[in-house]
Ligand SMILES: NC(=O)c1ccc[n+]([C@@H]2O[C@H](COP(=O)([O-])OP(=O)(O)OC[C@H]3O[C@@H](n4cnc5c(N)ncnc54)[C@H](O)[C@@H]3O)[C@@H](O)[C@H]2O)c1
């Protein structure tokens, strides 16, 4: 498939599970990918995988919650690839796990810096650059946790509700420029982030093992398993492409039916 031939896509959190799978997907469909992550080693691994497969990718090590660094990675994208057509605002952290009174203030602030402010900064600074190309698409990573209660994950859930809200407003504000803005709401995806949640849940005594956590979630999910990162990447690639051309302001759930159960 050549849906992204001639297109430039920025992927943040590109060293992580969903970001890496998406960088691979965009590049495999002919796109030029600007990969952003603050972890150098993880970022390098993504660059190597994509290049070894013959893909076009350039990496920038940046903190997505810092305005200057966001401007820098976008400037770098324009300088290396000539512009931006699609922004996948995906980097995120899970923060603390536990009842709300145990969530400390520093963790709460960091969750909003990395999960919320970064999404606004990315949209803010990418808007004129994407508009210069005559339009394009932005996809923000929210979560199923942005649509429902998330006991033991209050800060994370609140940050993802904010991403859903920002997506709707940005979609309306940017429609006249031909920029579509959507968010994705994955259920549990097999990545490093979920391993962190599983392990913390064990240490808090909420479950006896990571396997038990996975089993309980899978049992409750109509399709009976975690989502694969490559399945999320396929959704993101659809939303960013012309095939998703009449979709904007939408929250696309990919959770095996979990929210309906
Ligand atoms: N894994 C899940 O079950 C799940 C479910 C729903 C939503 N999400 C969301 O998907 C997104 C990707 O998560 P993932 O599952 O791939 O997790 P992950 O931990 O594998 O990847 C997250 C990546 O973001 C990067 N990152 C974190 N803070 C950053 C910062 N300040 N600047 C730059 N990069 C930063 C990390 O280095 C990491 O490579 C996140 O926004 C997460 O909240 C994940």
Study note, to complete from the structure: Among 107, 46, the single one that is surrounded by fewer than 20 Cβ atoms within 10 Å (Cβ to Cβ) and touching a helix residue (DSSP H, G or I) at 6+ places or on another chain (Cβ under 8 Å) is 107
Point to revise | Of all residues in region 175-193 being in contact with a strand residue (DSSP E or B) (Cβ under 8 Å, 6 or more places away or on another chain) and within 15 Å of residue 246 (Cβ to Cβ), the one that is nearest to the ligand (Cβ to nearest atom) | key: 182
Exercise for review: Take residue 168 and decide whether it is surrounded by 18 or more Cβ atoms within 10 Å (Cβ to Cβ) and under 22 Å from residue 64 (Cα atoms).
Suggested key: no
Practice item. Filter the helices (runs of 4 or more DSSP H) completely within region 157-261 down to those with at least 3 residues that are free of Cβ contacts under 8 Å to residues at least 12 places away in the same chain. Key: 192-203, 210-220
Check your understanding: Would you pick out the residues in region 194-206 that are within 19 Å of residue 148 (Cβ to Cβ) and either within 13 Å of the ligand (Cβ to nearest atom) or in contact with a helix residue (DSSP H, G or I) (Cβ under 7 Å, 6 or more places away or on another chain) (or both)?
Key -> 194, 197, 201
Exercise for review: Inspect all residues belonging to region 45-54 and state whether any of them is under 19 Å from residue 92 (Cα atoms), at pLDDT 95 or above and within 16 Å of the ligand (Cβ to nearest atom).
Suggested key: yes
Point to revise | In region 124-156, the residues that are part of a loop (DSSP other than H, G, I, E, B) and either within 22 Å of residue 109 (Cα to Cα) or touching a strand residue (DSSP E or B) at 6+ places or on another chain (Cβ under 9 Å) (or both) | key: 133, 135, 142, 143, 147, 148, 149, 150, 151, 152, 153
Check your understanding: Among the residues of region 23-38 satisfying the criterion of being more than 16 Å from the ligand (Cβ to nearest atom) and within 17 Å of residue 82 (Cβ to Cβ), which is farthest from the chain's Cα centre (by Cα)?
Key -> 30
Review point. Among the residues of region 188-195, is there at least one that is closer than 17 Å to residue 89 by Cβ and modelled with pLDDT of 95 or more?
Key: yes
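The values are calculated or read from the model by the stated rules, or taken from the named source; none is laboratory data. Since this is a predicted model, take the numbers as computed values, not measurements. Cβ coordinates were reconstructed from backbone atoms using ideal geometry, including for glycine residues, and neighbour counts include every protein chain displayed.
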